[in-house]
Amino acid sequence: MTTVNEAKVPMVVAENVHKSFGHIEVLKGIDLTVSKGEVMTLLGPSGSGKSTFLRLINHLETMTSGRLAVDGKYVGYKEINGRLHELREREVAERRSEIGMVFQRFNLFPHMNVVENVIEAPVGVKREKRTVARDRAMTLLERVGLQDKTHAYPAQLSGGQQQRVAIARALAMEPKLMLFDEPTSALDPELVGEVLDVMKDLASTGITMIVVTHEMGFAKEVADSVVFIDGGVVVEAGPPEQVLVNPQHPRTQGFISKVL
Amino acid sequence: MTATTAQDSRSLSAADQPVVKTRHPWKWVGYVVIGVLGAMFVTSLVQNPNYGWDIVAEYFFSTRILDGLLKTLQLTVIAMVLGVVLGVVLAIMRLSGFPVIAGVAWLYIWFFRGTPVFVQLLFWGYISALYPTLSLGVPFGPQFFSFETNSLVTPVVAAILGLGLNEAAYMAEIVRAGILSVDSGQTEASQALGMRQGRILRRIVLPQAMRVIIPPTANNTISMLKTTSLVSVLAFPELLYAAQLIYSDNFRTIPLLITASLWYLIVTSILTVAQYYIEKRFSRGTSRSTASGGRLARLLTMQRRADLGGSR
Ligand SMILES: Nc1ncnc2c1ncn2[C@@H]1O[C@H](COP(=O)(O)OP(=O)(O)OP(=O)(O)O)[C@@H](O)[C@H]1O
Ligand SMILES: [Mg+2]
């Protein structure tokens, strides 16, 4: 969360972002800016392109047109003498390693235990020493409340525990931006709270977060801004007290009244 | 309405009765036929001197047979290793997304699966008729090395190439099914962490694909053990050829074929037991990934779900 007097430095800047799958245009010109340290919540009906937009940010999908920059660098491209060049796989991977992502279905590595899941990327990608990576993994697991599950395998954990491991795994790369794609949608209701608590705690550390969620409570309490997407465009954006409590656009009103 | 009531009361009283099992009177006829035929066969095994059990006993542990057995085992292992390694490469090529590379792999698989392995072995045996010399160099330009094909492609090499390259085509499909059986979310999560393709394959995808890959590979190994007998046409002294060499001397064809067959049976039986344990181990799934891959992958996943008894 940003303090008021802090100058706003952009972390993610999207300009006229378009994305089509075949003939179907899913994103029809998204413009938005996420400042450093900001927690943004992305809302929208199913199929409105929220996941697609998140996946564009770390280049799991490629844009059809528009400009998208993270921390001043174009996603998937670099600018040399005013021209955009496609990045090589190595460079794409390098940039992705600075962006953490948490998925609806956790996607933990089932053949590795909790610690191995967390240290896989630091050791394999950042070439960190195992002991260093392991120490940080322990600290992170403690932070998400799983210090006693370090040697469990994903299949032995509840959904909420798995998602907390997934968050620790993403944090182990010390990302400057965290993307959450409906992190609590696959959870039983009684497990949602433990994951949201971890996310709230994370938000308070000042990391930039973009969260796709239907958890209005979380959005109201934690988000600095809320963006409502529908039909491939940003319909309404602003602070939560405006977009969630007093939406201006009829489509936002309709959506909010249905979700609440 | 009355009819329903009558039926109800009838089924109610029937519920108290023990179930009458369907009778299969014909099974006794079957038992008798099997019994008679079995007895006839066993008697002939003992009484027919042409079986030559004394010769079987004499040669069973002879050095030439044991040497052949050892060569058969070695050939099986080497051909399988070649098949697995090349199969993985071909599977990755097919899944690479580059049309030309995928096409080359497809063509390879199409050719090697579409022609009999026996014919392929003969081709490798007669390769020197096709290319008398093998050379390394620039096409239409200078040659750096040149070999007599016959000195390079000896019967061993021909056997390994023939069996291994053929096996690779089958392994490629098994590995491909295995890779496709791994949930795409695994790759995405790895990519999001900044991992690169080679590492994702090595550390994340292949280890999980093993569950699907290993059981049919064990099965293929058993097949390979028997297929090595085809190599006798290349005059490579594996088990069958060793037996053939012996009976071409002493003309006791049947006993020596029996000797070889018994050894094949023994080794395949051991491998079958091993396969049972391997399959049990690898079907014990820990992953929740959904299979989207080939028939094999789906079958195995279904099997696993059935094993778990829908516990999730
Ligand atoms: N790889 C793909 N190929 C074709 N169409 C796709 C692909 N990925 C997404 N789509 C389509 O794009 C649209 C937006 O999908 P997306 O997953 O981004 O929506 P969403 O807002 O995240 O929805 P949900 O709330 O259901 O997760 C959908 O109509 C979907 O069918
Ligand atoms: Mg989605």
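The values are calculated or read from the model by the stated rules, or taken from the named source; none is laboratory data. Everything numeric in this text was worked out from a predicted model, so none of it was measured. FYI the Cβ positions are ideal-geometry reconstructions off the backbone, even for glycines, and counts take in every protein chain you see. Please note that ligands, DNA and RNA were not included when accessible areas were found on the heavy atoms of the full protein model with its side chains. Shrake-Rupley method; radii C 1.70, N 1.55, O 1.52, S 1.80 Å.
The table below gives the values:
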| item | result |
| --- | --- |
| Antiparallel bridge percentage (DSSP; both residues within chain A; nearest 5) | 60 percent |
| Rounded to whole Hz, the Karplus (6.51, -1.76, 1.60) HN-Hα couplings of the range A:28-37, x for glycine and proline | 10, x, 9, 10, 6, 10, 10, 7, 4, x |
| Ranked packing of B:228-235, A:190-197, most packed first, by mean Cβ within 10 Å | B:228-235, A:190-197 |
| Whole-number D in µm² s⁻¹ for the protein assembly as shown, Kirkwood Cα-pair radius fed into Stokes-Einstein, 25 °C, 0.890 mPa s | 84 µm²/s |
| Residue-count net charge about A:Leu244 - beta-carbon cut-off 11 Å; Lys, Arg +1, Asp, Glu -1 | -2 |
| Calculated FRET value between B:Lys280 and B:Ser248, using beta carbons and R₀ = 51 Å, to 0.05 | 0.70 |
| Kirkwood Rh and Cα Rg combined as Rg/Rh, the range A:1-89 | 1.00 |
| Net charge, B:Gly52 excluded, C-beta distance under 13 Å - Lys, Arg +1, Asp, Glu -1 | -1 |
| Long-range Cα-Cα pairs in the range A:147-226 (distance over 15 Å), rounded percent | 56 percent |
| Scattering curve values for chain B, log₁₀ I(q)/I(0), Debye with Cα scatterers, q = 0.07, 0.11 Å⁻¹ | -0.48, -0.92 |
| Cβ neighbours within 10 Å from other chains - mean over A:54-64 | 1 |
| Per residue, in Å², the accessible surface of the protein assembly as shown once ligands and nucleic acids are set aside, probe 1.4 Å | 53 Å² |
| Enclosed volume per residue, in Å³, of the convex hull spanned by Cα atoms of chain A | 143 Å³ |
| A:Phe21-B:Tyr51 pseudo-label distance in nm [points 7 Å out on the Cα-to-Cβ vector] | 6.6 nm |
| Debye log10 I(q)/I(0) for the range B:138-288, one point scatterer per Cα, at q = 0.11, 0.12, 0.16 Å⁻¹ | -0.69, -0.77, -0.98 |
| Mean shadow area of the range A:126-191, taken as a quarter of the surface of its Cα convex hull (nm²) | 5.2 nm² |
| Rough spin-label spacing in nm, given labels placed 7 Å along Cα→Cβ, for A:His151 and B:Leu265 | 4.8 nm |
| Extension gain from B:Tyr131 to B:Lys226, taking 0.36 nm per residue of separation minus the Cα-Cα distance | 31.2 nm |
| Derived scalar couplings ³J(HN,Hα) [the range A:71-81; Karplus, 6.51 cos²θ - 1.76 cosθ + 1.60; whole Hz; x for Gly, Pro] | 6, x, 10, 5, 6, x, 9, 10, 9, 10, 6 |
| Antiparallel bridges, percent of DSSP beta bridges restricted to the protein assembly as shown (to nearest 5) | 65 percent |
| Size of the A/B contact, given as accessible area buried on both chains, probe 1.4 Å, in Å² | 2200 Å² |
| FRET efficiency for A:Ser185 and B:Phe118, using Cβ-Cβ distance with R0 set to 60 Å, rounded to 0.05 | 0.60 |
| Whole-Hz couplings from phi, Karplus 6.51/-1.76/1.60, listed for the range B:181-197; x for Gly and Pro | 6, 7, 3, 5, x, 5, 5, 4, 4, 5, 4, 4, 7, x, 7, 9, 3 |
| Average partner coverage of B:183-191, which counts Cβ from other chains inside 10 Å | 6 |
| Those residues of the range A:89-110 for which accessible area with every protein chain present is at least 20 Å² below the isolated value (1.4 Å probe) | A:Glu89, A:Arg90, A:Ala93, A:Arg96, A:Phe103, A:Arg105, A:Asn107, A:Phe109, A:Pro110 |
| A:His85/A:Lys176 FRET efficiency (R0 22 Å; Cβ-Cβ; nearest 0.05) | 0.45 |
| Given charges at Cβ of Lys, Arg, Asp, Glu: the range A:1-85 dipole, positive-most of A:Gly47, A:Val34, A:Asn81 | A:Asn81 |
| Inter-chain Cβ neighbour average for residues B:195-204, partner chain, 10 Å | 4 |
| Rg(Cα) / (2.2 N^0.38 Å) computed for the range B:61-166, rounded to two decimals | 1.31 |
| Accessible-area composition of chain A, carbon plus sulfur, in percent [1.4 Å probe] | 48 percent |
| Of the chymotrypsin sites (Phe, Trp or Tyr not before Pro) in the range B:40-86, those whose Cβ has at most 10 other Cβ within 10 Å and which sit in DSSP loop | B:Phe61 |
| Cα centroid separation, the range B:245-286 to the range A:142-168 (Å) | 47 Å |
| 12 Å beta-carbon shell around A:Asp31, net charge (K/R +1, D/E -1) | +1 |
| Accessible area of chain B belonging to carbon and sulfur atoms, whole % at 1.4 Å probe | 68 percent |
| Ranked order, A:His111, B:His24 - accessible area, probe 1.4 Å, largest first | B:His24, A:His111 |
